[in-house]
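Q: After the structure tokens below, expect a handful of questions from me.
The values are calculated or read from the model by the stated rules, or taken from the named source; none is laboratory data. As the structure is a computational prediction, the values presented were derived from the model and not from experiment. No Cβ is skipped: glycine too gets one built from the backbone with ideal geometry, and neighbour counts run over all protein chains shown. For the accessible areas, the whole protein counts, side chains as well, though only heavy atoms, and no ligand, DNA or RNA atoms are used. Shrake-Rupley method; radii C 1.70, N 1.55, O 1.52, S 1.80 Å.
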Amino acid sequence: EVLDWKRASVVIPEEKLPEMYTILKSIPHRQVEEMQRQARWFWDAYFSSMKAIGMTTLQIINDRIYPYAARTYEQWNNPPLVKWSSVNSPLFLPLIPPRSPGFTAVVLTYDRIESLFRVITEISKVPSLAKLLVVWNNQNKSPPEDSLWPKIAVPLKVVRTKENKLSNRFFPYDEIETEAVLAIDDDIIMLTSDELQFGYEVWRELPDRLVGYPGRLHLWDHEMGKWKYESEWTNEVSMVLTGAAFYHKYFNYLYTYKMPGDIKNWVDAHMNCEDIAMNFLVANITGKAPIKVTPRKKFKCPECTAIDGLSLDQTHMVERSECINKFASVFGTMPLKVVEHRADPVLYKDDFPEKLKSFPNIGSL
């Protein structure tokens with residue numbers, strides 16, 4: 001009930017036994033090696049001695065009696081190479097500010113250098129920024145030389161990916177040492193340092209939530225009999241887009257290693273909806289709605305939304321609706337929660353001198 005044997009073995013239906021040789025030969029060599037490593041680790045960790053078998057049995061019994069403190073799928077099935085020990089779940093814990101101060105900004109980029117540098121410059125002004133991680137998703141072009149990057153006061157690290165996948169933005173990179181992660185696109189240049197700092201402060205109070213800026217909504221289309229993606233300005237939100245959002249790094253591990261079904265592959269194949277997938281994942285785990293912060297609706301300057309933007313494709317909205325229906329089918333439910341709530345600084349609209357306000361530079365609609 002706890003070990004995922006599909007990761008270490010090949011299960012063949014009895015009626016397909018004559019095809020066994022062909023099936024085994026079709027498995028890529030790399031996958032065979034991974035399954036061999038997984039099988040070896042299962043043996044060493046759980047079956048190699050009477051002590052290992054006894055401790056495994058006791059752990060399973062303990063998990064049944066105390067399910068809220070049970071070991072997770074990842075802890076049972078991931079070899080130590082996946083460093084789960086370096087991250088604590090924000091769930092079922094006292095909701096207190098995290099031990100590690102500040103946040104790590106993760107910027108996914110491909111080829112928009114000028115816009116990327118502007119984003120880096122703006123984020124670097126945020127007092128709580130601890131590190132800036134640039135995920136370079138272009139395999140056909142090298143990142144700019146070190147001397148060309150903006151000079152900022154915190155460490156700036158560039159990670160080159162092996163494939164151009166949107167899911168790369170949610171990989172649990174070793175460089176992320178803070179519990180708080182700010183996922184931000186390379187063209188979100190209008191957010192001020194006050195808006196970002198305030199968003200981080202809100203996340204500190206609600207570390208199990210997605211806390212972000214662009215709000216979206218899912219609606220049931222009665223005529224079509226399916227879910228619809230809505231980006232118009234309404235009094236309700238059920239998603240915050242990870243083009244600019246804070247979340248706990250624990251969800252990077254869940255997205256990478258525990259995303260249900262084929263959602264992760266579907267996102268990468270369609271180059272769309274990784275943000276919706278993360279909203280589904282967090283809402284399904286926590287049973288809670290996201291938190292939208294500040295009233296801003298627009299996040300990109302007119303000259304920056306050129307034809308290279310994915311969201312400008314005419315099929316974008318249709319495909320986003322398809323994503324919601326696809327993900328709801330895989331999850332077997334609709335986990336997204338609708339909320340009529342937004343977090344703004346206390347004195348945001350009060351008629352007080354600017355010097356009395358902690359976050360005076362909050363953008364308007």
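Q: Please give the calculated 222 nm ellipticity per residue for the chain, where each DSSP H segment of at least 4 residues contributes -39500 (n - 2.57) and the sum is spread over every residue; nearest 500 deg cm²/dmol?
A: The per-residue figure over the chain is -9000 deg cm²/dmol.
Q: For the chain, which whole percent of the accessible surface, found with a 1.4 angstrom probe, sits on carbon and sulfur atoms?
A: 55 percent
Q: Let me ask something additional. Across segment 134-145, in residue order, what do the Karplus-derived ³J(HN,Hα) couplings come to in whole Hz, using 6.51 cos²θ - 1.76 cosθ + 1.60 with θ = phi - 60° and x for Gly and Pro?
A: Result, rounded to whole Hz: 9, 8, 7, 9, 9, 7, 9, 9, 7, x, x, 4.
Q: Moving to a separate point now. Over the chain, what number does the Rg to Rh ratio reach, with both radii from the alpha-carbon atoms and Rh per Kirkwood?
A: Across the chain, the Cα-based Rg/Rh ratio is 0.99.
Q: For segment 10-26, take each phi angle, set θ = phi - 60°, evaluate the Karplus expression 6.51 cos²θ - 1.76 cosθ + 1.60, and give the result in whole Hz per residue in order, putting x for glycine and proline.
A: Each residue's phi maps through the Karplus curve to give 10, 9, 10, x, 4, 5, 9, 4, x, 8, 4, 4, 5, 4, 5, 5, 7 Hz.
Q: Mind checking which of Thr294, Thr286, Thr104 has the largest fluctuation in a GNM of the chain, springs on alpha carbons under 10 Å?
A: Top of the fluctuation ranking is Thr286.
Q: Report the calculated FRET efficiency for Tyr21 and Glu319 (r = Cβ-Cβ distance, R0 = 51 Å), to the nearest 0.05.
A: The value I calculate is 0.80.
Q: Moving to a separate point now. With every protein chain left in place, what is the accessible area per residue of the chain in square angstrom, probe 1.4 Å?
A: Here the residues of the chain average 54 Å² of exposed surface.
Q: Can you run phi through the Karplus equation (6.51, -1.76, 1.60; θ = phi - 60°) for segment 200-217 and list ³J(HN,Hα) in whole Hz, with x for Gly and Pro?
A: Working through the residues one at a time gives 5, 5, 5, 4, 4, 7, 9, x, 9, 10, 7, 10, x, 10, x, x, 9, 9 Hz.
Q: Grab the Cα-Cα distance for Lys157 and Phe47, subtract it from 0.36 nm times how many residues apart they are, and report the gain in nm with one decimal.
A: The Lys157-Phe47 span can extend by a further 35.5 nm.
Q: In nm, what is the difference between 0.36 nm times the number of residues separating Glu236 and Gln31 and their Cα-Cα distance?
A: So the extension gain works out to 69.3 nm.
Q: Among the lysines, select those whose C-alpha is under 24 Å from the C-alpha of Lys249, and discard any that sit fewer than 8 residues away in the same chain.
A: In chain and number order, the partners are Lys83, Lys125, Lys131, Lys157, Lys162, Lys165, Lys258, Lys264, Lys288, Lys292, Lys337.
Q: Between Lys51, Lys249, Lys125, find the one with the highest GNM mean-square fluctuation for the chain; connect C-alpha pairs within less than 10 Å.
A: For the chain, modelled as a Gaussian network with Cα springs under 10 Å, the answer is Lys51.
Q: Now for a separate question. Measure nothing fancy, just the Cα-based angle from helix 113-123's long axis to the longest principal axis of the chain, in degrees from 0 to 90, nearest 10.
A: Roughly 80 degrees between the two axes.
Q: Moving on to the next point. How far, in nm, would the chain grow between Ile60 and Tyr73 when pulled straight, counting 0.36 nm per residue and subtracting the alpha carbon separation?
A: 3.5 nm
Q: What fraction of the DSSP beta bridges in the chain is antiparallel, stated in percent and rounded to the nearest 5?
A: Antiparallel: roughly 40 percent of the beta bridges in the chain.
Q: Whole Å is fine, so just give me how far the alpha carbon centre of segment 200-259 lies from that of segment 1-67.
A: First find each Cα centre; the distance between them is then 35 Å.
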